[in-house]
Structure formats: structure tokens, C-alpha cells
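Report on the following structure.
The values are calculated or read from the model by the stated rules, or taken from the named source; none is laboratory data. Treat the numbers as computed from the prediction; the structure is a model and nothing was measured. Please note: Cβ atoms are built from the backbone with ideal geometry, for glycine as well, and neighbour counts cover all protein chains shown.
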Amino acid sequence: MSTGTLADRAAAAFAAYRSGDEQRMGELVDLLTPILWHTARSQGLDASSAEDVVQTAWIRLVERAGSVQDAQAVLGWLVTTVRREAWRVGRKDGRAAPTDDVPEPEHEAPRQAELDPAVLAVLRDDQRTLWRHVQALGARCAALLRLVAFVDRPDYAAVSDALGMPIGSIGPTRGRCLAKLRTALLADPAWSTR
Amino acid sequence: MSDDQSPADASGDSPQLLALAAEPIDAIDLELLAAMREVYSRIDPVPGGLTDRIKFELTLAALHAEVAELQHVSLAGVRDEAAHYTPTESVTFTSSRLSLMVTLGPGREEAPDTVRVDGWVTGGTVTVELRIGDESRLATPDEDGRFVITDVPHGAARFVLRPVDDVERPVITPVVEI
């Protein structure tokens, strides 16, 4: 039933939905909403905008289910849609009028989501150390690693592609973001003595 | 080791870092990622109820439905012979054309953990679907617009009213606890 990677399970549910089993959409929502939430939040949206953007992506999927050629691509399609929509919403909140020209994130780095410092109180010391080093990587790497943390290893490439990051950003090789995090953490006594 | 040993890298990353980046992912990396997952799940979890709200929105989009408003709720206690306090609830929903009043009562003696739903639709001829959890119950109101659905389990429920003329949009109600 629920075997395979997240992308595989999502693909199976989406394929079943498209061939008429409407109940399976609920399963797809349960499977992928967490990663879409983290996508929206890693692009710098506040909680309420992030909710809106995630909902919008789902509604688009239902409206345009036929245009997603390959069921296997549904995870990437949704992450891409959330990322683009987040960019549009973030831009609207910020400065100029929204535009349809969404730059690839090479050119427009996501902002870091603002987080109430009090929230960090729920973390253990080593977890706060990890969080601090992730933040220090910059928004692009932080966003990539945050999403990758929520999928299975064979899906890393699909996620980095959906984020507009180059092939090889992560998986099968470590990639620079993870290499930087690892280097920084292993050199930090607060992590290595945990 | 100095940077001039390797071709200039646009990012300015050191050769050591690039070498580390080119290695396959190992158990330490997976441990770091698992720790990140735990951190983000704790400090920024998916808001409660978000998936339910999304499913509702998708149902609306799929049905092209109008959402009825919850108009009125009244709760009247009825004391039965055994002196149990049995709540009987009455709820009214309205849409632009239709109105639905439902009264919730205790289930049959043989099915004490269930609810009896008495409904009354005005404003048009419809079929009624009661959705509760993954279950779906259908009813066709009589000529006065009245219908009864028995043996309904407790839970979060909503009604979908489908005009029989198939021209008007369906109407879907907000969730009520049954």
C-alpha cells in the first residue's frame, strides 16, 4: 500500500485520482501538504500567506490535473507551484506590482522566514546549534536542505530541481549546501560534544 | 592548501569544500537531515487543521459548489425516562436559494451510539448527501422537502445539496459536529 518514496506514493495516489478514484486526493493532500508548507515557509512567507499559497497550489492541481503529464512528477509540480506562488505573493507584499515573470531563484534569493525567537525555546541545545548553522548557510541552502529533510533520498534531485537549483545540488553527491553545513557543525564544539 | 591549486570557482568555495561536496551522501549526512527534520517539525509545524481546510476547498472546487451559511444553532435538553440528559440540536443553513434545517436526535435503541437526522429543505428540489468521515449517506426529500437519515455515527459532518434540475450549483454546508 504505502511503499516507495514520498514521490512514488504521491504518484500512485495522483494516478488513481486521475483515473476516477476521487477519494485518493485526500491521501495526496495528507502526504504532500507538510513539504509544501515547508516550501512556502522557506521562501520567507508568514504563516497565513504560506497557508494561502499552499491552498492555491492544491486548487491549481485539481483544476489542471490533466496538464501534469507524468503522475511521477506531481511532487515536483506542486513544489514548483508553491515556490512560484510564494515569490509572487512575497513580491506583492514587498514592493512593485506582481508580474508573471518569475525569476529562477539564482537571481532572486528567497528571504528567510521570520521566526519568533521564543519558538526556539522548544529546542534542545544541540538542535539550536544546528538551526543556527542552517540559518548561516543563507536562504537558498537553508530552503534546499529544509525540503530535502522531508523527503526520501531518491527524491532529493526532484526537490532541488523543483526549487530551481542546479542538478547535483544534492544527491547522489552531497552537494555544497550539505557539505557546508557538515563542515560547520563538525567544527562546532557545541555540536560535536552533544 | 591554497586556492590557486584548483581552477577558480565562481562561488569562492575552497577546494576542500568542493571535494567534500562531490562525495556521495553518507550516514552522517542522513543523520544531519533527520535532525533538521525534527527541528523544523518542532519550530514550524504544519498548522493544525490545514489539511482539512485544503480538502474542503478542493471539494468545493470539484463540485463548483456554493457554501451555505450556518444560520442558527439551538440546543435544547430533553430529559428522558432514565433521567439522562439527551441533547437535541437544531441547525439551519442558508444559501442564495436553498435553506436546510436539520434536527439531531438520539439513535434507535438498537443503535444507541448513533444519531437520527431529520432534515427539511426549502427553496428547490434537491438530493441530499450527508458526508461524515469517509462515509456518505444519500437521501431524497419528500414533496414537502423532508428527509430522515438514521444510524448516523458521531463525527464531523457536512451536507451537500444537489439540485435535481442539474442546472443550479450544488450547495455545501460548513462542518457541524454530530
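Below, the figures for the structure above:
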read-out	value
Residues satisfying the stated conditions in the range A:145-185, i.e. without any contact (Cβ under 8 Å) to a residue 40 or more places away in the chain, more than 7 Å from chain B (Cβ to nearest Cβ), crowded, with 23+ Cβ neighbours inside 10 Å and not hydroxyl-bearing (Ser, Thr, Tyr)	A:Ile170
Candidate set: the range B:54-70, residues that are more than 7 Å from chain A (Cβ to nearest Cβ) and assigned to a helix (DSSP H, G or I); chosen: the one nearest to A:Asp30 (Cα to Cα)	B:Phe56
Test: B:Arg108 is among the charged types (D, E, K, R) and in a strand (DSSP E or B)	no
Any chance B:Gly12 is more than 9 Å from chain A (Cβ to nearest Cβ), modelled with pLDDT of 85 or more and not in a helix (DSSP H, G or I)	no
Boolean, A:Asp52 is within 12 Å of chain B (Cβ to nearest Cβ) and touching a residue at least 60 places away in the same chain (Cβ under 8 Å)	no
Count of residues meeting criterion [surrounded by 21 or more Cβ atoms within 10 Å (Cβ to Cβ) and either in a helix (DSSP H, G or I) or more than 15 Å from the chain's Cα centre (by Cα) (or both)] in the range A:34-50	9
Selection within the range B:131-155 - touching a residue at least 40 places away in the same chain (Cβ under 8 Å) and assigned to a strand (DSSP E or B)	B:Ile132, B:Thr150, B:Asp151, B:Val152, B:Pro153
All positions within the range B:138-164 that are out of contact with any Gly (no Cβ under 8 Å at 6 or more places or on another chain), surrounded by fewer than 17 Cβ atoms within 10 Å (Cβ to Cβ) and farther than 19 Å from B:Asp52 by Cα	B:Leu138, B:Thr140, B:Asp142, B:Glu143, B:Asp144, B:Val164
Residue satisfying condition, being assigned to a helix (DSSP H, G or I), within 14 Å of another protein chain (Cβ to nearest Cβ) and modelled with pLDDT under 90, within set A:Val82, A:Val119	A:Val119
Given (1) surrounded by 15 or more Cβ atoms within 10 Å (Cβ to Cβ); (2) modelled with pLDDT of 95 or more; (3) not aromatic (Phe, Trp, Tyr), number of the condition B:Lys55 does not satisfy	(2)
